[in-house]
Every structure is written in structure tokens, then in C-alpha cells.
1. So which of ALA221, ALA245 is open to solvent by 50 Å² or more (accessible area, probe 1.4 Å), under 19 Å from the mean Cα position of the chain (by Cα) and modelled with pLDDT under 95?
2. Of all residues in segment 77-115, how many are open to solvent by less than 70 Å² (accessible area, probe 1.4 Å) and either assigned to a loop (DSSP other than H, G, I, E, B) or in contact with a His (Cβ under 8 Å, 6 or more places away or on another chain) (or both)?
3. Find the strands (runs of 3 or more DSSP E) located wholly in segment 127-228 whose residues include 1 or more that are among the aromatic types (Phe, Trp, Tyr), and list them.
4. Which residue pairs have Cβ atoms closer than 8 Å, lie 6 or more positions apart in sequence or on different chains, and pair a first residue in segment 132-146 that is more than 15 Å from SER68 (Cα to Cα) with a second residue that is among the basic types (Lys, Arg) and part of a helix (DSSP H, G or I)?
Amino acid sequence: MALPARWRNIAGAACLVSAVFSCLVEGAATGVFYQPLNRDRHLTVADWRSLMSNVRQAGYKQLVVQWSQYGEQHFLDSESPVTLLLDAAREQALDVWLGLSADPEQFKHDWTRDSRRSYVESQFANFAADLKILPVNYPELPPNVAGWFIPLELFDLDLTSAASVLHLKHQLQALQQHTKKPIMISVFANGQLAPVLFRKALRQLQMSGVQLWLQDGSGAALVSPDYRQELLAALDCDVGLIVEAFRDGSYDGEFAARSASSTELQQALAEIKPCHNVLLFSLRYLSLSDALLPLKD
């Protein structure tokens with residue numbers, strides 16, 4: 001969900017959304033994403049402690065760090081945002097899913113099926129290397145790092161044939177063999193596949209043992225409302241959902257993210273079946289960030 005990327009368990013009683021606070025039910029496996037950016041390097045230890053305290057008080061139990069490296073930008077160095085966040089999250093007993101290295105070029109290609117397949121294979125090789133090197137280079141990673149997040153966004157082109165899905169399933173299985181911790185990865189739909197075929201592909205990928213999370217599309221708006229509703233209705237309950245807490249605030253046609261309003265966020269959450277685990281993307285768009293995470297440089 002590298003912007004402008006394709007980027008609750010609400011059961012029974014309603015809950016309040018204050019500003020763009022998340023809607024939470026006590027006991028739900030609910031969490032929020034943090035997308036590391038260089039503009040956050042000014043935050044102090046006290047700032048991160050305040051942020052993580054807000055996250056915990058809002059009812060969240062887990063935090064997904066989208067990446068620990070973005071191109072040549074490293075976020076696990078001493079005093080870097082992710083390092084300070086990890087310490088503050090440990091103090092709040094938050095489980096953290098730590099993202100691996102992300103490629104800034106992944107959204108800058110006009111893919112063919114073959115070129116995309118080769119690219120995904122190369123990225124999985126990089127992720128396997130990360131899983132081997134990270135624990136060695138950063139042995140001080142806290143015990144609340146519960147799992148790994150793969151910062152590669154799968155989409156329709158990766159799922160267009162049974163052979164492609166099977167190949168991807170095998171790659172996910174192979175990657176999981178490199179770590180004892182669980183792995184999660186996200187998927188988005190751009191409307192190339194019928195919802196029933198999309199669900200079928202995700203069902204097979206779930207058998208890899210890697211956790212799949214579908215970006216709900218409410219912010220990126222890559223598909224029609226009807227398509228989105230059909231896909232959400234068809235989705236198996238064991239696929240998690242990432243609710244996008246941003247909207248397009250541009251006036252000239254070029255994507256410019258803004259925070260979703262409380263009404264917009266409530267509507268997106270209400271459109272999801274209550275059986276799904278849900279994460280919000282991302283902390284930067286929520287009022288609990290206390291303006292410490294700016295949307296612009």
C-alpha cells in the first residue's frame with residue numbers, strides 16, 4: 001500500500017468513531033498499519049511512546065510495519081523510526097508484524113504476464129534473503145515481533161490462470177520455510193478477474209500457510225462499487241481485510257491522499273462481513289496519530 005497504492009471484527013453492538021478513530025470491539029484481533037517515511041525521522045522517543053500509547057488505548061493489539069527498508073532507505077538503523085517504534089510498541093505489549101525490504105519500482109511497470117511472473121520470483125528471492133539476514137543483522141529485535149509482512153502487493157495479473165496461482169502458492173510455501181514466524185501478504189483487485197475467480201484464487205493461496213489480507217479498495221477506488229460489493233460478499237472469512245482509511249483528495253486528477261471522514265470509514269466498515277479480521281491502513285490517516293505523522297513533507 002505504497003500510496004497511491006491499493007490502499008472490527010464488528011460484531012453486535014455499534015461503536016463510536018471519533019474523528020477518524022477506528023471502530024473497535026473489545027477482544028477483536030484488530031490492528032493498524034504504519035508506513036515508515038523519512039519525514040518521520042524527527043520524532044523523538046517520547047513521540048513514539050505517545051503514539052503507541054494512543055494505539056493501545058484505542059483498542060488495537062497489533063501493528064503492521066509496512067517495510068523496514070524502502071529502496072536504499074533503511075529504517076532499522078539506530079534511532080530510526082522503526083527502531084524507536086519497536087521499543088515503544090513493546091512497552092505497550094503490541095504485537096508487531098515487521099515488513100521486509102520494499103522495491104519502490106513495483107508500481108512503475110506496465111506488466112505482461114511473463115514479466116510480472118519473473119519480477120515476483122525475483123522479489124521472493126529477495127524476501128528469502130531478508131528472512132535469513134534480518135535476525136542476524138538485528139539480533140536485538142524485540143520478542144513482540146510476532147511475524148513478517150511481505151511488502152509486495154499481489155493483484156489480478158498474478159491470479160489470471162490456475163497455473164499462475166499454483167506457482168504463486170508454491171513460492172509462498174517456500175518462503176514460509178525460511179522462518180518459524182508467520183508471514184502475511186496483501187492483495188488488491190483492479191477488476192480484471194470476476195469476483196468468483198478472485199475468491200477461488202485466494203482460497204488456493206490460503207493453503208500455502210501464508211496469511212492473505214485483501215485491500216478493501218474503499219480508498220484507492222480502482223473498481224466499481226458494484227464489483228467491490230460483490231467481491232466483499234464472496235470473500236471467505238479466513239481472508240483478512242485491510243480497510244483503507246484514506247480517500248482521493250485531488251482536484252486535478254492526480255491522486256492525493258487525504259484522511260477518510262468518520263462517515264466514510266464507518267460506511268466502509270459496515271460493508272464488511274463481521275466474520276473477517278480487519279486492519280486499518282494506516283496510522284498516518286487516523287486522528288490518534290496526533291498530527292505527529294504528517295501527510296506531506
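The values are calculated or read from the model by the stated rules, or taken from the named source; none is laboratory data. Not measured: the values here are computed from a predicted model. We place every Cβ from the backbone using ideal geometry, glycine too, and count neighbours over all the protein chains shown. When the accessible area is computed, the model is the full protein with side chains, heavy atoms only, and any ligands, DNA or RNA have been set aside. Shrake-Rupley method; radii C 1.70, N 1.55, O 1.52, S 1.80 Å.
1. Criteria check complete, one pass: ALA221.
2. So in segment 77-115, the residues open to solvent by less than 70 Å² (accessible area, probe 1.4 Å) come out as 80-89, 92-94, 96-104, 106, 111, 115.
Still in the running and either assigned to a loop (DSSP other than H, G, I, E, B) or in contact with a His (Cβ under 8 Å, 6 or more places away or on another chain) (or both): 80, 92-94, 100, 103, 111, 115.
Number satisfying all stated conditions: 8.
3. It comes to 145-154, 211-215.
4. PRO143/ARG90; ASN144/ARG90
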